[in-house]
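Peer 1: There's a structure below that I have some questions on.
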């Protein structure tokens, strides 16, 4: 099954919200420090600023493409511009096994790839994947696995 999935729109929307929250947080900290309100609230907003910045730093867009012969996975930051090089690229017939687990905040994709005489495992944390795209990805990987058994 030939397909191409990505979560770029969802993750870019999250990035914009996080940037807006970070700017508001910085302005609140400056306002509180300007009016000499140093105390628990400033420390709380500072901790929130660190948490929001960490979340923005850890956001990743992904793109998964199956061209029928090659399986390509690209992971990149939503604020990165320019060409994105593949993180993983392997022939479809090298797929030995896979597992796909949905959790509350992200999905975990684990691929086991045959490389020479051993099996190499890769794990990918995917955010912003809706149920429809999740089902398409699972069905495609299952179809590849079933074709290889035959």
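Since every read-out is calculated from the coordinates, none of them should be taken as a lab result. All figures in this text were calculated on a predicted structure; none of them were measured in a lab. Backbone-built Cβ (ideal geometry, glycine too); neighbour counts: all protein chains shown.
Peer 1: Two decimals is fine: what's Rg over Rh for the stretch 63-150, C-alpha atoms, Kirkwood radius as Rh? Walk me through the numbers before you get to the answer.
Peer 2: On the way: Rg = 13.4 Å, Rh = 13.9 Å.
In the stretch 63-150, Rg relative to Rh is 0.96.
Peer 1: Relative contact order for the stretch 1-56 using alpha-carbon pairs under 8 Å, separation at least 6, rounded to a whole percent? Each step should come with its number before you reach the end.
Peer 2: On the way: 21 pairs, mean separation 24.7, N = 56.
Dividing the mean separation by the residue count of the stretch 1-56 yields 44 percent.
Peer 1: On to the next question. Pick from 18, 33, 56: which residue has the top mean-square fluctuation in a GNM of the chain where Cα pairs under 10 Å get a spring?
Peer 2: Maximum fluctuation in the GNM of the chain, among the listed residues, is at 33.
Peer 1: Round to the nearest 10 and give me the degree value, 0 to 90, for the angle of helix 131-149's Cα axis relative to the longest principal axis of the chain.
Peer 2: Once rounded, one gets 30 degrees.
Peer 1: Also, I was wondering about something else. Using a Gaussian network for the chain with springs between C-alpha atoms less than 10 Å apart, which of these wobbles most: 34, 85, 76?
Peer 2: Between 34, 85, 76, it is 34 that shows the largest mean-square fluctuation.
Peer 1: 7 Å from Cα along Cα→Cβ at both residue 146 and residue 88: what's the point-to-point distance in nm?
Peer 2: 2.2
Peer 1: Another one. Ranked highest first by average number of other Cβ atoms within 10 Å, how do 96-105, 134-143 line up?
Peer 2: With the highest mean Cβ count within 10 Å placed first, the list reads 134-143, 96-105.
Peer 1: Using the Kirkwood radius over C-alpha pairs as Rh, can you work out the diffusion coefficient of the chain via Stokes-Einstein at 4 °C, viscosity 1.567 mPa s, in µm² per second? Could you put the intermediate results ahead of the total?
Peer 2: On the way: Rh = 17.8 Å.
In µm²/s, the coefficient rounds to 73.
Peer 1: Please identify, among 37, 131, 115, the residue showing maximal mean-square fluctuation in a Gaussian network model of the chain using a 10 angstrom Cα cutoff.
Peer 2: Among 37, 131, 115, the largest GNM mean-square fluctuation belongs to 37.
Peer 1: Right, next: Taking the Cα atoms only, what angle lies between the long axis of helix 8-34 and the longest principal axis of the chain, rounded to 10 degrees?
Peer 2: On a 0 to 90 degree scale, this one is about 20.
Peer 1: I've got another one for you. Using only the alpha-carbon atoms, how far is helix 40-58 inclined from the longest principal axis of the chain? Give it as 0 to 90 degrees, nearest 10.
Peer 2: Tilt of helix 40-58: around 20 degrees.
Peer 1: Sticking with this one: Would you mind ranking 69, 87 so that the residue whose beta carbon has the fewest other beta carbons within 10 Å leads the list?
Peer 2: Working: 69 9, 87 15.
Least crowded to most crowded, the residues run 69, 87.
Peer 1: Hey, another quick one. What does the helix-only formula give at 222 nm for the chain: each DSSP H stretch with n ≥ 4 adding -39500 (n - 2.57), the total divided by the residues, and the result rounded to the nearest 500 deg cm²/dmol? Before the final figure, lay out each step's value.
Peer 2: Details: 3 runs with 65 residues, N = 150.
That calculation yields -15000 deg cm²/dmol at 222 nm.
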